[in-house]
Structures are given as structure tokens and as C-alpha cells.
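Enquirer: Just passing along the structure, written as C-alpha cells.
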Amino acid sequence: MTGTPTRVLVLNSGSSSVKYQLLDMGDGGRLAQGLVERIGEDTSRLAHTPLRGGGAKRERTGPIPDHAAALKAVAEELAADGLGLDSPELAAIGHRVVHGGLRFTEPTVIDEEVVAEIERLVPVAPLHNPANLLGIRTAMAMRPDLPQVAVFDTAFHTTMPEAAARYAIDVETADAHRIRRYGFHGTSHAYVSRAAAKLLGKEPGEVNVIVLHLGNGASASAVRGGRCVDTSMGLTPLEGLVMGTRSGDVDPAVTFHLKRVAGMSADEIDVLLNKKSGLVGLCGDNDMREIRRRIDEGDERAALAFDIYIHRLKKYIGAYYAVLGRVDAVVFTAGVGENAAPVREAAIAGLEELGLAVDADLNAVRSDEPRVISPVYARVAVAVVPTDEELEIARQTFELTGGKVTRTTNA
Ligand code: AMP
């Protein structure tokens with residue numbers, strides 16, 4: 001089969017992992033997906049699942065020393081399914097890049113100058129951008145002839161007005177160190193807000209939407225007519241909602257208090273707030289299923305953690321309602337938002353005066369499809385829209401490199 005190439009490989013490279021999906025943009029379908037974990041250790045593992053042709057999931061274990069070896073192993077697995085990276089049907093590779101700063105407002109074809117700019121942003125994304133760059137460099141060495149595109153987690157939020165993006169701190173200090181609110185999860189907020197408009201039978205430009213991306217990381221955004229006007233994550237993904245292991249909003253004085261009173265270093269405070277806080281810090285668990293189970297058994301710590309999580313969520317719904325003025329839909333997405341009916345019910349409870357309500361029967365339905373869960377009389381729709389960041393990265397990559405998306409699911 002030849003003709004216009006339609007396949008896009010999506011790579012999400014972390015410091016010790018690479019997640020990948022191969023999609024066919026001819027029909028928006030998935031051909032294969034997988035994950036390489038614990039790169040650099042003796043116990044590395046590659047799990048590969050072919051998604052067409054009925055092949056079974058395959059695993060490799062044993063040392064994978066670096067990202068180059070990881071991508072080589074991925075290429076071998078894909079080749080075994082007849083989907084090799086040397087195939088003329090591969091149109092492009094799309095890379096998830098966490099931080100694009102102010103420079104990258106759109107998906108961007110990667111060249112040496114773009115690589116240098118992503119590198120220049122390492123001080124504001126020290127954990128993520130170096131890992132993303134490893135994946136980019138490796139893939140470029142492997143297929144230097146193929147268009148490669150960076151899709152930035154921050155890009156969707158670059159439309160935020162200065163009033164929302166600036167912290168009220170000394171302007172010279174802020175600008176010298178590029179301190180401002182960038183926001184993250186942008187690919188998901190873009191996809192979900194567009195899919196929500198479609199669910200309502202409207203164009204994205206016609207609707208105002210509050211998107212609640214509730215996964216292990218969590219963020220809210222206010223989207224007016226398809227453009228983000230505010231989001232809850234800031235300079236880093238630490239700000240905003242209570243998350244699995246991150247505190248979200250705290251008084252910044254907590255940090256210097258911990259330094260002065262508890263003698264903690266900046267790195268220790270970083271670990272405390274990013275890794276040992278949020279739901280895990282409050283009750284020892286970050287999985288909402290486990291927290292609900294404990295609540296059902298009468299566990300008070302789990303119940304308090306849930307209440308704190310919901311209280312923060314409700315504050316952001318109210319705040320973004322005020323920012324938008326008029327809201328057409330509040331949309332839940334990601335692991336918790338798509339699956340945890342009690343979270344949706346509790347977050348919307350008591351907001352009837354704002355035109356918000358959840359229908360208990362509709363909320364209880366389990367489905368992979370976008371759906372409205374508010375009663376017909378509600379002025380504002382409440383919806384669940386499964387996010388699909390890989391499809392969105394593939395779509396943006398494909399369109400930027402000259403492909404025409406004829407059909408994709410949901411958006
Ligand atoms: P994500 O980061 O989007 O993959 O979301 C992961 C989180 O989703 C997990 O930590 C769980 O808290 C939550 N989650 C996944 N499945 C369920 C479920 N069936 N019910 C409640 N929470 C869930």
C-alpha cells in the first residue's frame with residue numbers, strides 16, 4: 001500500500017521512560033502503543049501492544065541503557081508488526097514537549113534552532129524539557145529525513161491575557177527570570193474543549209467552557225470561544241487544584257517558613273510539595289478508587305482528603321464561572337474526571353443557582369464516549385469527555401506537516 005503517508009508516531013519521553021503510540025490519520029485509528037520504563041536500570045521493561053491484526057501484548061525485560069536503545073527497541077517491535085519506522089507510510093513523528101515558554105504558541109516543526117530554544121527553557125522546566133529533548137534528539141538521529149513536530153503542553157494557554165498570566169510580584173524580577181503563569185495539560189484542554197463544543201452541537205468559537213482535567217496531575221481551565229483565558233497551573237504544574245501528590249495552591253510563605261523553622265532545603269521543600277502532598281500527603285493514597293473504598297469503610301482521613309480535594313475544585317469552578325461571565329459547559333476529563341462519579345457529583349452539588357446540576361442516573365453511566373450528565377432543565381451542561389492527548393498530538397503533527405485529517409474520533 002503506497003500513496004500519501006498517513007501514519008504518525010507520537011512520543012512522550014520522560015527522564016526514564018518513553019510512551020508511544022502509532023496512529024493512522026487516514027482514519028484516526030491506533031495501530032500500536034507501548035511503554036518503555038526504567039531506562040538506565042537493569043530492570044528496564046518494554047510493553048508493546050499491536051492494536052490492529054489481533055496480535056497479543058508483548059513484553060521485553062532486561063537492561064535498556066539509554067533513550068537511543070529504547071527507541072531502537074520500539075522500532076524493532078513496530079517492525080515485527082509490519083509497522084517499521086523505515087516505512088514509507090510514516091508521515092511524521094510528533095513529540096510531546098512540556099514547556100514551550102512564550103515563544104511556542106503553536107505546534108512547531110523541529111530544527112536545530114527549535115531544539116536550542118527548548119533547551120533554553122530548561123531552567124523553567126528542569127524535570128521535563130531535558131527528557132523531552134532526549135527523545136527528540138534520538139528520533140531525529142534515527143530518521144533525520146522525516147518531519148518531526150514538537151507539540152507543547154503550554155501552547156494552548158499562551159492566549160491567556162496578561163491579567164491572568166502575570167503574578168503580582170515585582171515586574172523586573174519576574175521578567176528577568178521568566179516568572180509568569182504558563183499552564184500545562186494544554187493539549188488535553190484544547191482537545192476536550194473542542195470535543196465539548198461538538199457534543200453541544202456548536203462550533204468551539206461559540207461556547208464558553210470550564211475544563212476540569214482531573215488525573216494524577218490536575219488542572220482547570222477557562223476557555224472562551226475556543227481560546228484559553230485562565231488556567232490553574234502556573235510557572236510549574238504545582239499551582240492550583242489538589243492533585244495525586246502535589247499540594248496545588250498554598251501560601252508561598254509556607255516555603256520560607258519550612259526553610260526557617262524546619263530547616264528544610266529548597267530541594268526538600270520541592271519534593272514535599274510535588275511528591276508527598278496532595279491526596280497522598282493528606283491520606284496516604286493518591287488513587288481515587290482506593291480513597292472512595294476507604295471512605296465507604298468509614299475512614300476519616302480519606303474522607304477529609306476527599307473534602308479538601310472537592311472544596312478546591314469547587315472554588316475553581318466558581319472562579320472560572322466569574323472569569324467567563326457566561327458558561328455553556330463544565331467538562332470533566334482524565335482518570336478521575338472520566339471515572340469517578342462521586343467526584344463529579346460532589347463538585348457540582350450546591351451550584352444550582354449557577355445553573356449547574358448533575359443527573360444521578362446519567363452520572364452513573366460508564367462509557368468511553370463524550371456525554372452530558374446534567375438534567376435537561378439545567379441552564380449549563382455538565383459533561384464527561386474522555387481526553388486523548390496522543391490523538392491531538394498526532395492530529396496537530398499531521399496537519400502541520402501537510403496531511404489532511406479526514407476523520408478523527410470525537411474532535
Ligand atoms: P491519569 O493521570 O489521567 O491517568 O489519571 C490517573 C488517576 O485516575 C488515578 O490515580 C486514579 O486516582 C484515577 N482513576 C482511574 N480510574 C479510576 C476509577 N475507575 N475510579 C476513580 N478514579 C480512577
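The values are calculated or read from the model by the stated rules, or taken from the named source; none is laboratory data. Bear in mind that the values here come from a model prediction, so they are computed numbers and not experimental data. Glycine also receives a Cβ, built like all others from the backbone with ideal geometry; neighbour counts cover every protein chain displayed.
Enquirer: Only one residue in ALA56, ALA70, ALA92 is assigned to a helix (DSSP H, G or I) and more than 21 Å from the chain's Cα centre (by Cα), so which one is that? Write out each step before concluding.
Expert: Details: ALA56 fails: assigned to a helix (DSSP H, G or I); ALA92 fails: assigned to a helix (DSSP H, G or I).
The match here is ALA70.
Enquirer: Pull out all pairs, ordered by first then second residue, where Cβ-Cβ is under 8 Å, the residues are six or more apart or on different chains, the first lies in the stretch 271-299 and is farther than 12 Å from GLY248 by Cα and near the ligand (Cβ under 9 Å from one of its atoms), and the second is among the charged types (D, E, K, R) and outside any helix (DSSP H, G or I).
Expert: Listed pairs, sorted by first residue: ILE291/ASP285.
Enquirer: In addition: How many of the residues making up the stretch 268-298 are crowded, with 16+ Cβ neighbours inside 10 Å, touching a helix residue (DSSP H, G or I) at 6+ places or on another chain (Cβ under 9 Å) and not in a helix (DSSP H, G or I)?
Expert: The qualifying residues number 2.
Enquirer: Continuing with this model, one more query. Could you grab the pairs with beta carbons closer than 8 Å, sequence gap of 6+ or different chains, first residue in the stretch 172-187 and more than 30 Å from PRO386 (Cα to Cα), second one at pLDDT 95 or above and assigned to a helix (DSSP H, G or I)?
Expert: If the second residue must be at pLDDT 95 or above and assigned to a helix (DSSP H, G or I), the pairs left are ILE179/THR173.
Enquirer: Taking the condition of being over 23 Å from TYR316 (Cβ atoms) and either touching a residue at least 40 places away in the same chain (Cβ under 8 Å) or of a type in the set (Lys, Arg) (or both), how many residues in the stretch 219-270 meet it?
Expert: In the first step, residues of the stretch 219-270 are kept if they are over 23 Å from TYR316 (Cβ atoms); the result is 256-270.
Subset that is either touching a residue at least 40 places away in the same chain (Cβ under 8 Å) or of a type in the set (Lys, Arg) (or both): 259-260.
Here the count works out to 2.
Enquirer: A further question follows. Report the residue count in the stretch 365-390 for those that are away from the ligand (no atom under 16 Å from the Cβ), of a type in the set (Val, Ile, Thr), in a loop (DSSP other than H, G, I, E, B) and crowded, with 19+ Cβ neighbours inside 10 Å.
Expert: Looking only at that region, the number is 1.
Enquirer: Would you pick out the residues in the stretch 22-59 that are among the polar types (S, T, N, Q) and either surrounded by 14 or more Cβ atoms within 10 Å (Cβ to Cβ) or modelled with pLDDT of 95 or more (or both)? Quick ask: steps written out before the conclusion?
Expert: Residues of the stretch 22-59 among the polar types (S, T, N, Q): 33, 43-44, 49.
Answer for the stretch 22-59, where residues must be among the polar types (S, T, N, Q) and either surrounded by 14 or more Cβ atoms within 10 Å (Cβ to Cβ) or modelled with pLDDT of 95 or more (or both): GLN33, SER44, THR49.
Enquirer: Next question, about the same structure. Checking the condition away from the ligand (no atom under 14 Å from the Cβ), closer than 20 Å to ARG194 by Cβ and of a type in the set (A, V, I, L, M, F, W, C), which residue from ALA349, ALA303, ALA329, ALA334 passes?
Expert: ALA329
Enquirer: Let me ask something additional. Within the stretch 155-267, considering only helices (runs of 4 or more DSSP H) that don't extend past its boundaries, which have at least 2 residues that are closer than 30 Å to GLU345 by Cα? It would help to see each step written out before you state the result.
Expert: Numbers: elements: 162-165, 171-176, 186-199, 253-262.
Filter on the stretch 155-267 gives 186-199.
Enquirer: Here's another thing I want to ask about it. Given the stretch 323-364, what helices (runs of 4 or more DSSP H) lie entirely inside it while holding 2 or more residues that are of a type in the set (Val, Ile, Thr) and on the phi < 0 side of the Ramachandran plot?
Expert: In the stretch 323-364, the matching helices (runs of 4 or more DSSP H) lie at 341-348.
Enquirer: Which count do you get for residues in the stretch 1-23 that are touching a residue at least 12 places away in the same chain (Cβ under 8 Å) and not in a strand (DSSP E or B)? Can you show your working first?
Expert: In the first step, residues of the stretch 1-23 are kept if they are touching a residue at least 12 places away in the same chain (Cβ under 8 Å); the result is 1-2, 4-23.
Now narrow it down to the ones that are not in a strand (DSSP E or B): 1-2, 4-6, 14-17.
Here the count works out to 9.
Enquirer: Suppose we filter VAL115, VAL151 for residues that are in a strand (DSSP E or B) and closer than 30 Å to ASP267 by Cα; which single one remains? Walk me through it before giving the result.
Expert: On the way: VAL115 fails: in a strand (DSSP E or B).
Answer to the selection: VAL151.
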